[in-house]
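Values in this text are rule-based calculations from the coordinates and carry no lab data. The structure displayed is predicted, hence computed values, not measured ones. With ideal geometry, Cβ positions are generated from the backbone for all residues, glycine too; neighbour counts draw on all protein chains shown.
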Amino acid sequence: MKRIGDLTIPHIASLYAQVPADRLEQFQAFRRAFPYKDLTLDGVTWSYLTGGQGDSPLLLLSGALAIPDISWVTIVNFAARRRVIVPAYPSLTTMDALVDGIAAILRREGVEQAHVMGGSYGGFVAQVFVRRHPQLTRSLVLAHTQPPYAEMAARMRRFARLLRWMPMGLVRQMMRRVFRSMMPERSEETACLLAIFDELIGYTLGKKDVIGILERMADFSVRSFTPQDMSGWPGKVLLVFGDNDPSTPPDVRQRLESLYPGCQVHLFEGTGHAASVTRQDEYLAVIDGFLSQS
């Protein structure tokens, strides 16, 4: 898999020009410390990052942009205490195919059971994973995410059909408009994150990737989850929300909580969809504390 953040390419380097030098070096150090591995299954190439050592392994499931590098700070922090495995998402159109490939990565890495964490779109993937592969899942962390809503499926599929006929430049414009609202405001602290976002949207993700993202969202939306799904699974669940996150208003949070009886809940105030960035230390401490007890 071609790695993002290659500063030897002039048009890529220009995206990172406003990133503070120390932060940029930290990102480059991450790239060196976490090279991609590849696994080919039934003609599909799966790329993933792995590193760290220590406590029980952690499977980190990426958000909708599908490439792990955008979560590099979270990866580095968790890898200081435990082994982490972070897959990129190939352009598959069903959640079952996606989570089965991720399960194969764990088995290839010799992981019998892992904590599973998914934020936003990664929370969709995590909810399917724990139901399809409960034996591989030690505990579950869902952050800033939703349960399935069947009414979303038709809209996602219409959007995917439309994108097939759109020029890629227009697709990138639409993707930027949709996902930029979930990103934090620009500052020295967030400059690297936003540069990575710009590279993913502007150069990395292709039309097949975007269509796969939408098709998997539609596939997730039509699933019928109940509290009984988890009755035979012994693991613990942590839900993390922002009180003013537009993607998880109170009714959505309540519906997700109802699917996981006995779950722990942590509600951040004023962070929107970006607690992992704007309240990074607290965010990591909350999740670390939960994982240590699970």
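Please compute the length gained on full extension between MET166 and LEU267, using 0.36 nm multiplied by the number of residues separating them and subtracting their Cα-Cα distance.
Once the chain is fully extended between MET166 and LEU267, it gains 32.4 nm.
Starting from the Cα of ARG131, step 7 Å along the direction of its Cβ; do the same at LYS37; then give the gap between the two resulting points in nm.
2.9 nm
If I model a spin label at ARG108 and GLN280 as a point 7 Å from the Cα along the Cα→Cβ vector, what separation in nanometres do I get?
A separation of 3.0 nm, rounded to one decimal place.
Can you figure out the FRET efficiency of THR93 with GLN53, using R₀ = 30 Å and their beta-carbon distance, to the nearest 0.05?
The formula returns an efficiency of 0.25 here.
For ALA21 and THR226, what is the calculated FRET efficiency with R₀ set at 51 Å and r taken between the beta-carbons, to the nearest 0.05?
0.50
Can you give me the long-range amide H partners of ALA114? Hydrogens built in the peptide plane at 1.01 Å from N, cutoff under 5 Å, separation of 5 or more residues or another chain.
Amide H neighbours of ALA114: THR137, ARG138.
Only helices at least 15 Å long along their axis, Cα-based, and averaging -0.5 or more on Kyte-Doolittle count here, so list those DSSP H runs from the chain.
95-108, 121-132, 151-164, 168-180, 207-221, 280-292
Considering the stretch 115-175, what Rg and Dmax in Å follow from its alpha-carbon atoms?
Final numbers for Rg and Dmax: 15.3, 43 Å.
Given Cα pairs under 8 Å that are at least 6 residues apart, what percent is the relative contact order of the stretch 165-294?
Answer for the stretch 165-294 is 24 percent.
Using the scaling law 2.2 N^0.38 Å as the reference, what is the normalised Cα Rg of the chain?
Scaled against compact globular proteins, the figure is 0.95.
With an 8 Å Cα cut-off and a minimum separation of 6 or more residues, compute the relative contact order for the stretch 1-118 in percent.
25 percent
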